[in-house]
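Undergrad: Below are the structure tokens for one structure; questions will follow.
The values are calculated or read from the model by the stated rules, or taken from the named source; none is laboratory data. In this text the structure is predicted, and so the values were computed from the model without any measurement. Cβ atoms come from the backbone with ideal geometry, glycine included; neighbour counts cover every protein chain shown. Quick note on the areas: whole protein, heavy atoms, side chains included, nothing else; ligands and nucleic acids left out. Shrake-Rupley method; radii C 1.70, N 1.55, O 1.52, S 1.80 Å.
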Amino acid sequence: MQYSQKVLDHFMKPHNVGKMENPDAEATEGSPACGDQVSIFLKVNPENNVIDDVKFLSYGCASNIATASIITDLAKGKTIEEAKEITWKGAAEALDGLPPVKMHCSVLAVDTLHHAIKNYEIKHHLAKEDKFSKDTIIEELKKIIYPKVGEDIVTLKMVKYAGFEEGVAVIDIEIPKFDIHRDNVAEEIREHLEKFKEIKEIKITM
């Protein structure tokens, strides 16, 4: 697996690493049991909503640490509205690219940043909690990367159906039986959807 020099630099000497005392907002996504976890801590100026400071903790591989490091650089000094425009593709580009099989690390880091910002907005009455719906599931599926090409499964039109009724999420994925990433994609779908309390059961067909 070939990493860019920027990935190696951020992995060897990560920026803004550490736990922040008394943050204005924080979020944790992923799970050590699944291999990757990122926590983001924010200090925000309430007068102009500029992110004055941001720190992270990471449990995972080199690309996980590097992507968490680069998004803290990208977010620091920006308003929360500007920071919400940071995308996983933009973070990967800022690192001069990531191997396709590691693109999910960029998604995890940016998702955690956005979650921390959302928590700040809710805490300061700038936004309300999102109402869960079928669209919530589709947005979550956009965070699942097909490792073979490093693109999300919705953009690749691999999701043939996504439904939600009476606590049951039903996902139909088009992926050949011989595809070596088949089980990985199914596992990722379950990991992403299990965090929603509204979902009691997940049915995946392939």
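Undergrad: Within the set of pairs 6 or more residues apart or between chains, which connect a residue that is outside any strand (DSSP E or B) inside segment 32-58 to a residue that is buried (at least 21 other Cβ atoms within 10 Å of the Cβ) and at pLDDT 95 or above with Cβ atoms less than 9 Å apart?
TA: N49/I80; N49/Y120
Undergrad: If you scan segment 30-62, which residues turn out to be touching a Ser or Thr at 6+ places or on another chain (Cβ under 8 Å) and among the aromatic types (F, W, Y)?
TA: F56
Undergrad: Please specify each residue of segment 72-91 satisfying the condition of being surrounded by fewer than 18 Cβ atoms within 10 Å (Cβ to Cβ) and either acidic (D, E) or on the phi < 0 side of the Ramachandran plot (or both).
TA: D73, K78, T79, E81, E82, K84, E85, T87, K89, G90
Undergrad: What are the residues in segment 40-49 that are touching a helix residue (DSSP H, G or I) at 6+ places or on another chain (Cβ under 8 Å) and open to solvent by 30 Å² or more (accessible area, probe 1.4 Å), if any?
TA: N49
Undergrad: When segment 9-29 is examined, which residues are found to be touching a strand residue (DSSP E or B) at 6+ places or on another chain (Cβ under 8 Å), part of a loop (DSSP other than H, G, I, E, B) and either buried (at least 18 other Cβ atoms within 10 Å of the Cβ) or not basic (K, R) (or both)?
TA: P14, N16, G18, M20, P23, D24
Undergrad: Collect the residues in segment 141-171 that are touching a residue at least 40 places away in the same chain (Cβ under 8 Å) and open to solvent by 30 Å² or more (accessible area, probe 1.4 Å), keeping them in residue-number order.
TA: Across segment 141-171, the qualifying residues are K143, K148, V149, E151.
Undergrad: With the condition kept exactly as written, say whether any residue in segment 92-102 is of a type in the set (D, E, K, R), open to solvent by 70 Å² or more (accessible area, probe 1.4 Å) and over 13 Å from the mean Cα position of the chain (by Cα).
TA: So far as segment 92-102 goes, yes, one or more of its residues are of a type in the set (D, E, K, R), open to solvent by 70 Å² or more (accessible area, probe 1.4 Å) and over 13 Å from the mean Cα position of the chain (by Cα).
Undergrad: Which one is farthest from the chain's Cα centre (by Cα) among residues in segment 180-200 that are open to solvent by 60 Å² or more (accessible area, probe 1.4 Å) and farther than 16 Å from K148 by Cα?
TA: K200
Undergrad: Let me ask something else about it. Report, by residue number, each residue of segment 107-140 that is surrounded by fewer than 18 Cβ atoms within 10 Å (Cβ to Cβ) and of a type in the set (K, R).
TA: Matches in segment 107-140: K123, K128, K131, K134.
Undergrad: Cβ contacts < 8 Å: first residue modelled with pLDDT of 95 or more, restricted to segment 179-202; second residue of a type in the set (D, E) and open to solvent by 60 Å² or more (accessible area, probe 1.4 Å), any location; separation 6+ or different chain. Result?
TA: Going by the 8 Å Cβ cut-off, the qualifying pairs are I202/E194.
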